[in-house]
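What follows is a short report on a single structure.
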Amino acid sequence: AVAARATELSKVYGIGETQVVALDNVSVDFRQGEFTAIMGPSGSGKSTLMHCAAGLDTFSSGSVRIGDIELGSLKDKQLTQLRRDKIGFIFQAFNLLPTLTALENITLPMDIAGRKPDKAWLQNVVDMVGLKDRLSHRPTQLSGGQQQRVAVARALASQPEIIFGDEPTGNLDSRSGAEVLGFLRNSVRELGQTVVMVTHDPVAAAYADRVIFLADGRVVDEMLAPTADSVL
Ligand code: ADP
Ligand code: ADP
């Protein structure tokens, strides 16, 4: 099944002489249970693609589908609802609320949406990211790697259709980064999660099932079973 699909997606910023074509007719599928990395030079459109595919940004033409739902058909309120229900986000900055415990941070998006996490699922997620003994800690009492694990658990908690990560290991040392990437890969392998990650880092991309390469707003290459050497 296709978890998300962009079809002939274009995004133009600005008007007149200052126009920038950030995405030029991009079509890409993100299949359920697949871990995709998006790579490419700075300015090639990686963040724009992620933001458009995740319903965080509007696009100029083309279409985006999450599950069976066309984003273009949604009003703002419905789009917000869809992001809450179907999409998990992991950013480079962990974006945790400092006054809340790890567990409260993990369940916050679902609390806001008025949904109850599936207990067995939540237990699974917390076990997987190794946070069992840290659930009542606040972010300042956790290492950077542990904080990002909280953010991974938060993204997984609602069993989203798809998780988007924007340089999710960009702020971590290589060991913590490897742990977080391992958890993302396990969530794909063991829980059937779909993950899309923007990264500069060949070592991070090697955790993915496939890599899509962008240049000048177009998909210029795609590689299955990437290794750190092969994507350099
Ligand atoms: P990447 O993530 O690969 O570095 P981006 O998607 O951030 O690339 O940017 C793609 C292109 O769009 C770049 O040329 C960038 O300068 C331009 N761009 C991105 N955001 C904006 C914006 N808010 N306004 C104008 N141009 C933008
Ligand atoms: P479905 O529509 O197939 O019921 P779910 O959203 O329940 O899908 O689950 C998505 C994936 O996560 C499936 O691969 C399912 O096996 C797995 N899954 C669901 N609940 C749990 C859980 N509590 N623990 C572990 N895996 C789960």
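The values are calculated or read from the model by the stated rules, or taken from the named source; none is laboratory data. What you see is a predicted model; the values in this text were computed from it and never measured. Cβ atoms come from the backbone with ideal geometry, glycine included; neighbour counts cover every protein chain shown. The area values use the complete protein model at the heavy-atom level, side chains included, leaving out ligands, DNA and RNA. Shrake-Rupley method; radii C 1.70, N 1.55, O 1.52, S 1.80 Å.
If you go through the stretch 18-35 and keep only what is among the charged types (D, E, K, R) and within 13 Å of ligand 1 (Cβ to nearest atom), you end up with just D24.
From the list G43, G55, pick out the single residue that is of a type outside the set (S, T, N, Q), more than 15 Å from ligand 1 (Cβ to nearest atom) and out of contact with any Asp or Glu (no Cβ under 6 Å at 6 or more places or on another chain). Break it down stepwise before answering.
Details: G43 fails: more than 15 Å from ligand 1 (Cβ to nearest atom).
On inspection, the qualifying residue turns out to be G55.
Could you count how many residues in the stretch 20-48 are assigned to a loop (DSSP other than H, G, I, E, B) and either more than 14 Å from the chain's Cα centre (by Cα) or under 17 Å from S10 (Cβ atoms) (or both)? Steps first, answer last, please.
Taking the stretch 20-48 and keeping what is assigned to a loop (DSSP other than H, G, I, E, B), we get 32-34, 40-45.
Cutting the leftovers down to either more than 14 Å from the chain's Cα centre (by Cα) or under 17 Å from S10 (Cβ atoms) (or both) gives us 40-45.
Counting residues in the stretch 20-48 that are assigned to a loop (DSSP other than H, G, I, E, B) and either more than 14 Å from the chain's Cα centre (by Cα) or under 17 Å from S10 (Cβ atoms) (or both) gives 6.
Screening the stretch 93-102 for residues that are open to solvent by less than 70 Å² (accessible area, probe 1.4 Å) and over 10 Å from R154 (Cβ atoms) and picking the one that is modelled with the lowest pLDDT gives A93.
Tally the residues that are part of a helix (DSSP H, G or I) and within 16 Å of ligand 2 (Cβ to nearest atom), restricting the search to the stretch 113-162.
Step one: of the stretch 113-162, the residues part of a helix (DSSP H, G or I) are 113, 119-128, 132-134, 139-141, 144-157.
So of that shortlist, the ones also within 16 Å of ligand 2 (Cβ to nearest atom) come out as 113, 119-128, 132, 152-153, 155-157.
Counting residues in the stretch 113-162 that are part of a helix (DSSP H, G or I) and within 16 Å of ligand 2 (Cβ to nearest atom) gives 17.
Quick check: is even one residue across the stretch 58-77 surrounded by fewer than 18 Cβ atoms within 10 Å (Cβ to Cβ), aliphatic (A, V, I, L, M) and away from ligand 2 (no atom under 16 Å from the Cβ)? Within the stretch 58-77, one or more residues are surrounded by fewer than 18 Cβ atoms within 10 Å (Cβ to Cβ), aliphatic (A, V, I, L, M) and away from ligand 2 (no atom under 16 Å from the Cβ).
Does the stretch 38-51 contain any residue that is over 23 Å from V219 (Cβ atoms) and of a type outside the set (A, V, I, L, M)? The answer is no, given that none of the residues of the stretch 38-51 is over 23 Å from V219 (Cβ atoms) and of a type outside the set (A, V, I, L, M).
One line per residue, one yes/no per condition, for (1) crowded, with 24+ Cβ neighbours inside 10 Å; (2) over 19 Å from G40 (Cβ atoms); (3) not charged (D, E, K, R):
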residue: R134; (1), (2), (3): no, yes, no
residue: L142; (1), (2), (3): no, yes, yes
residue: A153; (1), (2), (3): yes, yes, yes
residue: E161; (1), (2), (3): no, yes, no
residue: D209; (1), (2), (3): no, no, no
residue: F213; (1), (2), (3): no, no, yes
residue: D221; (1), (2), (3): no, no, no
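Of the strands (runs of 3 or more DSSP E) lying entirely inside the stretch 192-232, the ones with 3 or more residues being out of contact with any Phe, Trp or Tyr (no Cβ under 7 Å at 6 or more places or on another chain) are found at 210-215, 218-224.
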